[in-house]
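The values are calculated or read from the model by the stated rules, or taken from the named source; none is laboratory data. Computed from a predicted model, the values in this text were never measured in an experiment. As a convention, Cβ positions derive from the backbone with ideal geometry for all residues, glycine included, and neighbour counts pool all protein chains shown.
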Amino acid sequence: MDENNISASLNKLRNIDLNLLTVFEAVYLHKGIVNAAKALNLTPSSISQSIQKLRNTFPDPLFIRSGKGITPTAYAKNLHNHISEGLGAIITGLDFSQDIHKTRFITVSCRPHTGCEVLPRIYQELIRVNPNYVLKHQDIPDNYDALNQFNADIVIDAKAIYSKSIVGVKIFAEKIVCVCHRHHPRITDYLSLENAVHEKFTFLEINDLVLKLQKQSLDLNEFNRNFAFTTYSSLNMLNIVAGSDLVCFVTESMYEMYKRAYPIKKVQSEFSFNDLDIYLYYNRASKKDKTLMQLINTIIATFSGDNITYLEPPSEATL
């Protein structure tokens, strides 16, 4: 349906009290005003008034008396077929979280390199909660407003997000390891700062404050690396290291994931990185969504076990 048709349909709906359609369906299904009133917890007179309003809206009496009850007209039968289908779709949209047979998208926003670690495990928990749910991954926008704008159900990242409207939980910590080609001509099992002068490195070029601080700390205090390849993907770094003499730093989980697929090896080095704390975030308003919270709590327990640490804002943080 194009925008013009949608606009015309909305204008038609403005002239109809949609509550009257609920009354119509109740009268149709219960074959009488009294029974419909009981089903809707209304008075028979209010049901009769609603039916009269519908008769003024549609060019048909809709129901005619038949003995002690009423019988729908041919027009009403046709109307019922359309209304019941529409109400069924509306109920599905409103109540999809309570029915295991209905589809729902769960959106997780995280960096691709983080997604390699967390998304497979999240998917396993998701299908346990509801096998008909669909897991949707999206990258983290630079403004980190995905949760506040309800564009994501869950955000997972190394950046600390402080907000009254957002709940943050540390789910695990990532170690950063040095990786090179399995048969690197100069590196066996250790890379010193002295020898690193002769090497070229890769760099993960993303707009992430945590990674920028890691790089600045390394470059300013220890060694200014010679970068020969920059990318937005950790997997690209492993790809190029596997086919060259370049050196990269990736999370240990990513190395473990791909060490059998690529001719790469992990080596000790004098380079010093702090562990990356990975946080799971969700909007406080999501606590009203029982199904989503069931999934969130399951994910937290899967990664953290009983050692759950909530992110508390520092005293100088601006909330």
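Overview of values
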{"read-out": "Filter result for the condition that a residue is within 29 Å of the chain's Cα centre (by Cα) and farther than 29 Å from Leu135 by Cβ, over Asn307, Asn274", "value": "Asn274"}
{"read-out": "Among the candidates Tyr258, Tyr282, residue that is at pLDDT 90 or above and surrounded by fewer than 20 Cβ atoms within 10 Å (Cβ to Cβ)", "value": "Tyr258"}
{"read-out": "Leading residue by the ranking (surrounded by the most Cβ atoms within 10 Å (Cβ to Cβ)) among those in segment 71-102 that are among the small types (Gly, Ala, Ser) and at pLDDT below 60", "value": "Ser97"}
{"read-out": "Meets criteria (without any contact (Cβ under 8 Å) to a residue 60 or more places away in the chain, out of contact with any Lys or Arg (no Cβ under 6 Å at 6 or more places or on another chain) and acidic (Asp, Glu)) for Glu270", "value": "no"}
{"read-out": "Candidate set: segment 120-143, residues that are of a type in the set (S, T, N, Q) and more than 18 Å from Thr291 (Cα to Cα); chosen: the one nearest to the chain's Cα centre (by Cα)", "value": "Gln138"}
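For (1) modelled with pLDDT under 85; (2) assigned by TED's automatic domain parsing to the domain that holds Ser253; (3) crowded, with 17+ Cβ neighbours inside 10 Å, each residue gets a yes or a no:
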{"site": "Gln268", "(1), (2), (3)": "no, yes, no"}
{"site": "Lys287", "(1), (2), (3)": "no, no, no"}
{"site": "Gln294", "(1), (2), (3)": "no, no, no"}
{"site": "Thr298", "(1), (2), (3)": "no, no, no"}
{"site": "Phe303", "(1), (2), (3)": "no, no, yes"}
{"site": "Asp306", "(1), (2), (3)": "yes, no, no"}
{"site": "Ser315", "(1), (2), (3)": "yes, no, no"}
{"site": "Leu319", "(1), (2), (3)": "yes, no, no"}
